[in-house]
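Read through the structure below, which is laid out as C-alpha cells, and then see the notes.
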Amino acid sequence: MREIILAFAAMAVIAVAASYALPQMGFSSQAQTSGDAVRLD
Amino acid sequence: MLRLIYALMITFSLSLPAFSQETPAAETDRSATGGAQTLEDIMKRQEGQKVDNSFRSGLTGNPGGGRATTDQLGTLGGASDPELWRALRFDSADITTQVQHPAATVLIQDTGMWWLQFREGPLSKYGFGLVLGTMGLLVLFYLIRGRIRIDGEKTGRKILRFKSIERFAHWLLAGSFILLGLTGVISLLGRKFLIPALGPEAFSAIAIGAKWVHNNVSWAFMLAIVMIFFLWVVHNLPHKTDINWLLKGGGIFGGGHPPAKKFNAGQKFIFWSVIVLGGSISASGLSLLFPFELPMFAATFAKLNDFGIPQMLGMAELNTNLAPHTEMQYAQLWHAIVSFVLFAIVVAHIYIGSVGMEGAYDAMGSGEVEEQWAREHHSLWVEEVKAKEAQAGGSS
C-alpha cells in the first residue's frame with residue numbers, strides 16, 4: 001500500500017514539475033511558434 | 001532514439017489501414033469543360049467520395065514568369081487569381097510568414113473532416129467495442145471458470161515476489177495509464193458526448209483539466225515504462241518452459257499448473273505488450289506534445305514503401321507527401337488506436353491480478369505471496385528462490 005501511495009504522489013509531483021519546467025525551458029506553444037520580433041508576456 | 005521510434009512505428013504501421021494509399025484514377029473526358037472540373041467530379045465530392053485532383057492541382061501558373069512590376073505596364077505576376085487560389089488549395093504556394101512552426105505556411109488542408117469522421121466513427125466504435133468486448137469476455141470467463149483458487153493447502157509462509165522499487169514502478173505505470181486513459185477519452189470524445197450532456201461551459205473546464213493532466217502525467221508514464229523495462233526485461237526473455245505453458249493454456253482451464261519461472265508466458269505477453277505498445281504510444285504522444293516538431297509518418301511510410309510492404313499487401317505505395325497537419329492527425333489516430341489495444345490487454349491483466357485469481361494481488365500489494373500460490377503458479381521460480389536462500393544460509 002505504501003508503494004501505491006508513493007507512486008501516486010510521485011505522479012502528481014512529476015506532473016506539476018513538468019507543467020512548470022517545460023514553459024521555463026521555452027517549450028510553451030507561444031514561445032515555439034513566434035519569431036524574435038514577437039514580444040511574449 | 002529516433003531510430004528506435006522509427007522502428008516502433010514501422011513495426012506497428014503494418015496493421016495501419018490504408019488511409020493514405022492513392023488509387024490510380026481512370027482517365028476522365030474533360031473536353032466538355034475545357035479541361036476543368038466535370039459534373040461527375042462535383043457529384044463525387046458532394047457524396048464524400050475520393051476525387052482525383054491531379055488534373056488541376058499542378059495548374060498554378062508560373063509565378064516567376066510575369067514581367068516585373070517595375071516595368072512599364074508590368075503585370076501582377078505569372079499566375080492568375082484562380083491559379084493563385086489553386087496553389088493555396090493544393091499547398092504549393094510560396095508562403096512567407098513570421099510564425100515559426102512548419103504548419104504556418106499551410107493555409108488550406110483538406111483532411112480535417114476525414115479525421116473528425118474517423119475519430120467519431122470507426123475509431124470510437126471499434127476502440128470502445130474492443131475494450132467493452134474484452135470486459136464482457138472476462139465476465140463470461142468469470143461466470144464459467146470462477147475465481148482461480150489456490151488448489152493446495154496454504155502453508156502460511158510468505159515469499160517476497162516484488163521488491164519495493166518494483167511495486168513503485170508498477171503502480172506509477174498503472175496509475176498514470178488509467179489516468180491517461182480517462183483523460184484521453186475525454187479529449188477524444190468529450191465534444192460528442194459530454195457537451196450534449198453537460199453543456200459547453202462545464203465541458204470547457206473538464207477539457208482544460210483533462211488536457212493538463214494528460215500532457216503532464218504522460219512523463220510519469222514514460223518514466224515508469226523505462227523503469228519497468230530495466231527491472232524486468234531479464235525475467236521476460238523467452239524460455240523453453242514458455243512453450244509448454246502455452247500448450248497447456250497456462251492451466252487456466254484445469255489440467256494442472258505448468259511450471260514457470262518468475263514470469264510465465266502470459267505475463268511475458270503482457271510485459272512485451274506494455275513495452276512495445278506503451279513505447280509506441282509514448283513516441284506518438286511525444287509527437288503530439290511537441291506539435292510539428294517530431295513528424296513520423298511520412299518517414300515511416302517511405303521506409304515501408306522501400307521495404308515493399310504495401311506492395312506485398314496489394315496496396316499502392318503509401319503517400320509520403322504529408323502536410324504537417326496530416327502528420328499530427330495520423331499521430332493522434334495512431335496514439336488512440338494503440339492505446340485502445342493496450343487498454344484491452346491491460347483490462348485482462350487487471351482482472352487476473354485482482355478478482356480473477358486468489359493470491360495474485362498480494363504480489364503487487366504487500367509484495368509477498370503465499371508459498372503455495374507461488375509453488376502452483378511459478379514453481380521454477382520458487383525453486384530458484386529456495387536454492388538462493390539455502391546458499392545464503394550455508395555460506396553464513
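Where a number appears in this text, it was derived from the coordinates with a stated rule and is not lab data. No experiment lies behind these values; they were computed from the predicted model shown. No Cβ is skipped: glycine too gets one built from the backbone with ideal geometry, and neighbour counts run over all protein chains shown.
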Query raised in the report: If each of A:Arg39 and B:Arg147 carries a label point 7 Å out from its Cα toward its Cβ, how far apart are those two points in nm?
Result: 6.8
**Report entry** Geometric extent, Cα atoms of the range B:264-308 - Rg, Dmax (angstrom)
**Finding:** 14.2, 41
Query - Test item: Cα-centred dipole of the range B:57-192, Lys/Arg +1 and Asp/Glu -1 on Cβ, debye - result: 1540
Query raised in the report: What is the range B:128-189 by shape, rounded, prolate or oblate, if you read a ≥ b ≥ c off the alpha carbon gyration tensor as root eigenvalues and call it rounded for a/c under 1.5, prolate for a/b larger than b/c, and oblate otherwise?
Result: oblate
Query - Check: the range B:90-158 dipole with +1 on Lys, Arg Cβ and -1 on Asp, Glu Cβ, in debye - result: 1020
Query raised in the report: Which residue, B:Leu246, B:Leu286, B:Leu123, has the most motion in a Gaussian network model of chain B that connects Cα atoms within less than 10 Å?
Result: B:Leu246
Report summary line: Per the 1/(1 + (r/R0)^6) rule, R0 = 45 Å and r from the Cβ atoms of B:Glu27 and A:Met1, FRET efficiency to 0.05 is 0.05
Requested in this report: Would you mind ranking B:Val226, B:Val213 by Cβ crowding within 10 Å, fewest neighbours first?
Outcome: B:Val226, B:Val213
Query - B:Ile252-B:Gln311 pseudo-label distance in nm [points 7 Å out on the Cα-to-Cβ vector] - result: 4.1
Query raised in the report: Could you give the dipole magnitude of chain B about its Cα centre, charging the beta-carbon of Lys and Arg +1 and that of Asp and Glu -1, in debye to the nearest 20?
Result: 1300
Report task. Starting from the Cα of B:Val347, step 7 Å along the direction of its Cβ; do the same at B:Ala387; then give the gap between the two resulting points in nm. Result -> 4.1
Report summary line: Per the charge dipole of the protein assembly as shown (beta-carbon charges, Lys/Arg positive, Asp/Glu negative, Cα centre), the residue among B:Asn319, B:Leu123, B:Ala265 reaching farthest to the positive end is B:Ala265
Query - Nearby aspartates and glutamates by direct alpha-carbon distance to B:Lys303 (threshold 14 angstrom, same-chain neighbours under 8 apart not counted) - result: B:Glu317
Report summary line: Here the longest stretch of chain B that holds no trypsin sites (Lys or Arg not before Pro) in a DSSP loop having at most 12 other beta carbon atoms within 10 Å is B:164-396
**Report entry** MRE, 222 nm, helices only [DSSP H, n ≥ 4, -39500 (n - 2.57), over chain B, to nearest 500]
**Finding:** -19500 deg cm²/dmol
Query raised in the report: Of B:Ala197, B:His378, B:Leu88, whose Cα points farthest to the positive end of the dipole of chain B (charges on the beta-carbon: +1 Lys, Arg; -1 Asp, Glu; origin at the Cα centre)?
Result: B:His378
